[in-house]
1. Name, by its number, the condition in (1) at pLDDT below 90; (2) touching a strand residue (DSSP E or B) at 6+ places or on another chain (Cβ under 7 Å); (3) closer than 25 Å to residue 57 by Cα that does not hold for residue 141.
2. Quick one: is residue 14 in contact with a strand residue (DSSP E or B) (Cβ under 8 Å, 6 or more places away or on another chain), surrounded by 14 or more Cβ atoms within 10 Å (Cβ to Cβ) and either assigned by TED's automatic domain parsing to the domain that holds residue 153 or over 24 Å from residue 148 (Cβ atoms) (or both)?
3. Test residue 69 against the criterion of being closer than 21 Å to residue 148 by Cα, in the same structural domain as residue 144 (by TED's automatic domain parsing) and either free of Cβ contacts under 8 Å to residues at least 40 places away in the same chain or loosely packed, with under 12 Cβ neighbours inside 10 Å (or both), and give yes or no.
4. Spot the failing condition for residue 63; the list is (1) surrounded by 12 or more Cβ atoms within 10 Å (Cβ to Cβ); (2) farther than 27 Å from residue 102 by Cα, and only one is missed.
5. Looking only at the range 77-99, which residues are in contact with a helix residue (DSSP H, G or I) (Cβ under 7 Å, 6 or more places away or on another chain) and either within 16 Å of residue 143 (Cβ to Cβ) or at pLDDT below 90 (or both)?
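The values are calculated or read from the model by the stated rules, or taken from the named source; none is laboratory data. Being a predicted model, the structure only gives us computed values, none of them experimental. Cβ placement follows ideal geometry from the backbone for every residue including glycine, while neighbour counts extend to all protein chains displayed.
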């Protein structure tokens, strides 16, 4: 059964979402939804998602609160930067040496940095551990290095490693 339906919960979710989006329970859309759910589960098994291992799950709520607060604060800062339109404003790229190597932690860090207005994860060199990040208002590079390493990288390392 596992070979036929490798990810039953994902397939069930896809089917339910298909039916909700079609707003009907008639046989035609249901049949298409079943095919879609079956093929979606098979496609997910081909991706071979790795299992995520958490070591300190109790740190997640504190980090999530910090991220939400930083995103809200960053929205106001980006609006201020755009509305003031200062000629001395400097945007640019910075390189940040990261210690984290876990794929899950790196993916979470990429999501956090890209979701925060005014910053974007550009590239990560696996061999050197150097993150290339774009910052809209780059007044102090050392401040950004500290923010990434202390506010995000350190807690993510504790959660995932």
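1. Of everything listed in (1) at pLDDT below 90; (2) touching a strand residue (DSSP E or B) at 6+ places or on another chain (Cβ under 7 Å); (3) closer than 25 Å to residue 57 by Cα, residue 141 misses just condition (3).
2. no
3. Considered against the rule, which asks whether it is closer than 21 Å to residue 148 by Cα, in the same structural domain as residue 144 (by TED's automatic domain parsing) and either free of Cβ contacts under 8 Å to residues at least 40 places away in the same chain or loosely packed, with under 12 Cβ neighbours inside 10 Å (or both), residue 69 comes out as yes.
4. If we test residue 63 against (1) surrounded by 12 or more Cβ atoms within 10 Å (Cβ to Cβ); (2) farther than 27 Å from residue 102 by Cα, just (2) comes out false.
5. Answer for the range 77-99, where residues must be in contact with a helix residue (DSSP H, G or I) (Cβ under 7 Å, 6 or more places away or on another chain) and either within 16 Å of residue 143 (Cβ to Cβ) or at pLDDT below 90 (or both): 89, 94, 96.
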